[in-house]
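Student: Sharing a structure here in structure tokens format.
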Amino acid sequence: MAPNVFKWTDFALGHGVRLASILLIALILNRVLRTLTRRLIPAGGTEGIGRIARMREQHTKTLAGLLYSAGTALIIIGAILTALPEFGFNVTPIAAAAGLASLAVGFGAQHLVRDLINGFFTIVEDQYVVGETVRIGAVVGRVEHLTLRRTVIRDIQGAVVTIPNGEISQVANLSRDWGQLFVDITIPSDGSTDAALATLERVSEELRNDTSWSPVLVDGPRVLGVESFGPSGVTLRMQLRTVPGRQDDAARELRRRIQNRFEQEHIRLGGVQLVELVGGEAPHGLGTKSNS
């Protein structure tokens, strides 16, 4: 009995102290990791109230959880590998086997790793969230789902498009701050340009003073003047900025008022009317050129 007692005592005094130190260091590292994940990722829900703000808050919480879980797993694995020699295990073959396995998995999952890394930065940099309208390559639509691996968009035709995050090299977010559009009005060359410009100024003032539309308008409408002239007539340009997603509505209302006022004042329109978007696009394709 006495030799066994001394053996366990020696183990507790020697290896036990080192094992306790490993456990203590692991706990401290875990606590530091928890603090860093809470501080490095800004708290959500501070920039606004609404569904998009809530989704942004949920994304930050999800990202914090992913970082904490991954870091905790690394700490646990490191603690186990450090503690195994205290029980007489040789960790060199284990580490070598783990390295080879990681290398094999890395070669086989390069695309997956790239997707996860891009998805991580998409979320942490707040490039876009669920509910916003974006343009990714040739796809324009509303973000319906976002994970570390993929982005799901419903495009302007209603199709659901799934894009791996690793294939996304450039994103245009059309739902941030404001959207800008230009409305071009063509009048015949023999018409009065000054009279048409004065009428457009009155229409702009009426729209700005309309309480049902003023909350939608960020700036304008502004009458910029003569944009071009040619065989089809003189093209006059107006500029309009709205809150995100309301460009289509504002453009329709502006065109309706221009049409009515031109009819009242007997100002003829030319053969072509163009609407061109800059700085943002409406969800269902406003901005294409069409003959009227």
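We did not get these values from a lab; they are worked out from the coordinates using the rules stated. Keep in mind that this is a model prediction, so the values were computed, not measured. Neighbour counts are summed over all protein chains in view; Cβ atoms, including those assigned to glycine, are modelled from backbone coordinates with ideal geometry.
Student: Hey, any idea what Rg/Rh is for the stretch 162-267, computing Rh the Kirkwood way over Cα pairs?
Tutor: 1.10
Student: Please arrange 139, 234 by how many other C-beta atoms lie within 10 Å of their C-beta, fewest to most.
Tutor: Listed from fewest to most nearby Cβ atoms, that is 139, 234.
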